Amino acid sequence: MALGLTETSSLLMDLLRQAGGAAVIDGGLATELERHGADLNDPLWSAKCLLTSPHLIRQVHLDYLEAGADIIITASYQATIQGFAAKGFSKEQSESLLKKSVEIACEARELYYERCNKSSSDETEDERILKHRPILVAASIGSYGAYLADGSEYSGIYGDAITLEVLKYFHRRRLQVLAEAGPDLIAFETIPNKLEAQACVQLIEEENISMPAWFAFNSKDGVNVVSGDSLVECVSIAESCKKVVAVGINCTPPRFIHGLISSITKQNTGVSDEDFVSYVNKWCEIGASLIGGCCRTTPNTIRKIYRSLSNRPTSSAPQ
């Protein structure tokens, strides 16, 4: 059963306090699925595994939990009713697959807790973290550009035909179904332009979504989101909604994130694990409280982030 807005927000704050002020989100999904043998050469991308190999999704969630992740994100980033329909699935089948993404993540959490209960220590010899702690499931909602499967989420250029109402229509039923499936959070990810941020905020209010959400924008210049819209404006739109509890950055070269966080708090992929993790404490120092990985990061990356954050003084926990 999903927690309400107040309960989940409180749980998130408890998680942050226990973690010393910063909690760990999981990392890349698609590349890990491929590492486990999945073939993702398909417009559905990682969502294809909801059809062909849900056990691999569950395993990747478990890998990240055992690497120290406090929040796992569902395999629904590229799962859309429209995308499934293009594959010949009915509306009911498509909605069932969306719900399945949340169910798999919740199953992984329960399996992880079972392993924790059977373990005599918080960490095993093979470096698996088996520490009983609050774990949240975030239901991923990728941008309209992700559904197009043409890289549009990295440009934010959708064309004049894509209006606010078109985007709301596109996202509405997916948001409803995922919220009803019982996650703890809704994660709007890789939002590339102001228009889509407006659409998502309006939907949260119109559908009276009872759980908190976060918004993650992407940037290629360290100043604006990828469409060229002002990041500060996009953040302001997200923060206008009381149900949005966090705003952040994903699918952005790590070298830009310090400046982007600084701009948020005022109102590349392809790096090594060591280089990526070297940024973590600096991000925390300027206000980041939820840190994880994105494209091509692995459980090893997340384990190193977990260890880096575990070594921070707990006095930085939010009050």
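The values are calculated or read from the model by the stated rules, or taken from the named source; none is laboratory data. Not measured: the values here are computed from a predicted model. FYI the Cβ positions are ideal-geometry reconstructions off the backbone, even for glycines, and counts take in every protein chain you see. The accessibility values were calculated without ligands, DNA or RNA, using every heavy atom of the protein model including side chains. Shrake-Rupley method; radii C 1.70, N 1.55, O 1.52, S 1.80 Å.
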Report task. Excluding LEU51 itself, calculate the net charge of residues whose Cβ lies under 10 Å from the Cβ of LEU51, where each Lys or Arg counts +1 and each Asp or Glu counts -1. Result -> +2
Report task. Skip the ligands, DNA and RNA, and give the accessible area per residue of segment 44-123 with a 1.4 Å probe, whole Å². Result -> 39 Å²
Query raised in the report: Which order do HIS171, HIS36 take by accessible area at a 1.4 Å probe, largest first?
Result: HIS36, HIS171
**Report entry** Estimated FRET transfer efficiency when R0 is 45 angstrom, pair SER240-ARG115 (beta carbons, to 0.05)
**Finding:** 0.65
Requested in this report: State the percentage of accessible surface on the chain attributable to carbon and sulfur atoms; use a 1.4 Å probe and exclude ligands, DNA and RNA.
Outcome: 49 percent
**Report entry** Of LYS87/LYS304; LYS242/LYS282; LYS48/LYS242; LYS48/LYS220, pairs whose Cα-Cα distance is over 31 Å
**Finding:** LYS87/LYS304; LYS48/LYS242
Query raised in the report: ASP14: accessible area at probe 1.4 Å, nearest 10 Å²?
Result: 60 Å²
